[in-house]
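The values are calculated or read from the model by the stated rules, or taken from the named source; none is laboratory data. Remember, predicted model here, so these are calculated numbers, not experimental data. Cβ sites come from the backbone with ideal geometry, for glycine too, and all protein chains shown count toward neighbours. The accessibility values were calculated without ligands, DNA or RNA, using every heavy atom of the protein model including side chains. Shrake-Rupley method; radii C 1.70, N 1.55, O 1.52, S 1.80 Å.
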Amino acid sequence: MSSKQILAALCAAGLACGALAEESKAESEKEKEEKEGLSFTPGEGVSFGEMQIVTAEVGLALDSKYMTYGVMDGKDPILTPNATLTFFDWVYFDVSAIYDLTKGNGKRGGYGRRAGEWTTLDSTVGIAHDFELNETLGALSVDFNYIYEYLRRYKYHNSSGEDKDMGDTQYLNLELSLGDLWFEPTFAVERDLMADDGTYFNFEVGHKFTIIGDDEDPTLTFRPSVGQGFGNTLRARGYFYTHPGSDEPLDHGGFMDTSVKGEFELPINDWLSITAYVAYYDYLFDANMRDGARSHNAEWGGADRYRYSWNVVGGVAITATF
């Protein structure tokens, strides 16, 4: 090959490389523009570049009993739909409702037979965000929110023989968790602002295990957990009597519900998942609280099984994130 032919070949190769470089640069610029612009990813919501703008989550949960603080507020199943909007990975708004599926809860609870009708509506506004701490602790998840709970109006017969109107209430809640640690500790505080001005604390530890698949892309997970609640005197006084059949409020704060829970999660795809759980609740560490739990459970029927301080419940939920 002559020197002219070699030079021509080099020039042609140079032109080809230049064309490829320009094409690659154009593609990079296009990808950069797309990355810097608005985008939507199922399960992650709408983003502008790497900044989250908004995510939406809707869910539907079915529980075998209506449980609060480890005791029954309804012995029959309930259905709870909810919807949440989160903006900029900081501020969120949530609304949820509780529906009775049978006539039993309303009949025994004194608010009528509302099978298939909603009984409680919660409107929530909150701030939630993850803060990176260090390599040892990982991220601290903080959730602070305000809830206005609206109850459909009805009268109930109190322990003094008077007919009282059931009113609304408001809550302030704070939840702190270290989900990157192996035992995933969570500490929660609930303050009731209207009904009884009581305060409730709960501390929980647990861990999520991958049953099928791998940790990066699990097909089925299982999370066992153990939790312990504590209520102050106002919380106990507003919620419990001294023993079944008593009209004397429990004027004593202390350790409340101990919970042992197992939860399965089945991710269907990037934006849809199904969870199922079974939980055991009891009042193990305070005899006065245990009597209060028996009293509360006994209100839902005269059978001996409702005179225990413990409950076993289960449920299933489906959640979609957009």
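Is there a residue in region 235-249 that is open to solvent by 60 Å² or more (accessible area, probe 1.4 Å), of a type in the set (S, T, N, Q) and either in contact (Cβ under 8 Å) with a residue 24 or more places away in the chain or within 19 Å of residue 67 (Cβ to Cβ) (or both)?
No, because not a single residue in region 235-249 is open to solvent by 60 Å² or more (accessible area, probe 1.4 Å), of a type in the set (S, T, N, Q) and either in contact (Cβ under 8 Å) with a residue 24 or more places away in the chain or within 19 Å of residue 67 (Cβ to Cβ) (or both).
Rundown of residues vs (1) within 30 Å of residue 227 (Cα to Cα); (2) at pLDDT below 95; (3) touching a Leu at 6+ places or on another chain (Cβ under 9 Å); (4) in a helix (DSSP H, G or I), yes/no style:
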position: 5; (1), (2), (3), (4): no, yes, no, yes
position: 10; (1), (2), (3), (4): no, yes, no, yes
position: 16; (1), (2), (3), (4): no, yes, no, yes
position: 22; (1), (2), (3), (4): no, yes, no, yes
position: 26; (1), (2), (3), (4): no, yes, no, yes
position: 60; (1), (2), (3), (4): yes, no, yes, no
position: 73; (1), (2), (3), (4): yes, yes, no, no
position: 82; (1), (2), (3), (4): yes, no, yes, no
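Mind checking which residues of region 192-220 are closer than 20 Å to residue 255 by Cα and either of a type in the set (S, T, N, Q) or over 20 Å from the mean Cα position of the chain (by Cα) (or both)?
Initial filter on region 192-220 (closer than 20 Å to residue 255 by Cα): 192, 196-206.
196, 197, 198, 199, 202, listed by residue number.
Part of a loop (DSSP other than H, G, I, E, B) and surrounded by fewer than 14 Cβ atoms within 10 Å (Cβ to Cβ) - does that describe any residue in region 219-231?
Kept after step one, since they are part of a loop (DSSP other than H, G, I, E, B), are these residues of region 219-231: none.
No, because not a single residue in region 219-231 is part of a loop (DSSP other than H, G, I, E, B) and surrounded by fewer than 14 Cβ atoms within 10 Å (Cβ to Cβ).
Just name the residue that is farthest from residue 259 (Cα to Cα) out of those in region 300-322 that are at pLDDT 85 or above and open to solvent by 60 Å² or more (accessible area, probe 1.4 Å).
Ranking the candidates gives 322 first.
Name, by its number, the condition in (1) in contact with a helix residue (DSSP H, G or I) (Cβ under 6 Å, 6 or more places away or on another chain); (2) at pLDDT 90 or above that does not hold for residue 281.
The failed condition is (1).
One line per residue, one yes/no per condition, for (1) outside any strand (DSSP E or B); (2) modelled with pLDDT under 95:
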site	(1), (2)
140	no, no
147	no, no
153	yes, yes
160	yes, yes
172	no, no
180	yes, no
190	no, no
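Being under 16 Å from the mean Cα position of the chain (by Cα) and either open to solvent by 40 Å² or more (accessible area, probe 1.4 Å) or among the hydrophobic types (A, V, I, L, M, F, W, C) (or both) is the filter; apply it to region 40-71 and report the residue that is nearest to residue 91 (Cα to Cα).
Among residues in region 40-71 that are under 16 Å from the mean Cα position of the chain (by Cα) and either open to solvent by 40 Å² or more (accessible area, probe 1.4 Å) or among the hydrophobic types (A, V, I, L, M, F, W, C) (or both), the one nearest to residue 91 (Cα to Cα) is 56.
Of all residues in region 234-281, how many are charged (D, E, K, R) and under 21 Å from the mean Cα position of the chain (by Cα)? Walk me through it before giving the result.
Taking region 234-281 as the starting set, the residues that turn out to be charged (D, E, K, R) are 235, 237, 247-248, 251, 257, 261, 263, 265, 270.
Within this subset, residues satisfying the condition of being under 21 Å from the mean Cα position of the chain (by Cα) are 257, 261, 263, 265, 270.
Qualifying residue count for the region: 5.
Take the residues in region 72-109 that are in contact (Cβ under 8 Å) with a residue 40 or more places away in the chain and open to solvent by 40 Å² or more (accessible area, probe 1.4 Å), then tell me which one is farthest from residue 53 (Cα to Cα).
Ranking the qualifying residues of region 72-109, first place goes to 108.
Kindly evaluate residue 221 against the criterion of being over 20 Å from residue 285 (Cβ atoms), hydroxyl-bearing (Ser, Thr, Tyr) and either modelled with pLDDT under 90 or in contact with a strand residue (DSSP E or B) (Cβ under 7 Å, 6 or more places away or on another chain) (or both). Working first, answer last.
Working: over 20 Å from residue 285 (Cβ atoms): yes; hydroxyl-bearing (Ser, Thr, Tyr): yes; either modelled with pLDDT under 90 or in contact with a strand residue (DSSP E or B) (Cβ under 7 Å, 6 or more places away or on another chain) (or both): yes.
Taking the combined requirement at face value, the residue satisfies it.
Which of the residues belonging to region 273-322 are touching a Lys or Arg at 6+ places or on another chain (Cβ under 8 Å) and farther than 23 Å from residue 227 by Cα?
Matches in region 273-322: 298, 299, 300, 301.
For residues that are outside any strand (DSSP E or B) and open to solvent by 80 Å² or more (accessible area, probe 1.4 Å), scanning just region 192-213, find the one that is nearest to residue 177 (Cα to Cα).
In this case the residue turns out to be 208.
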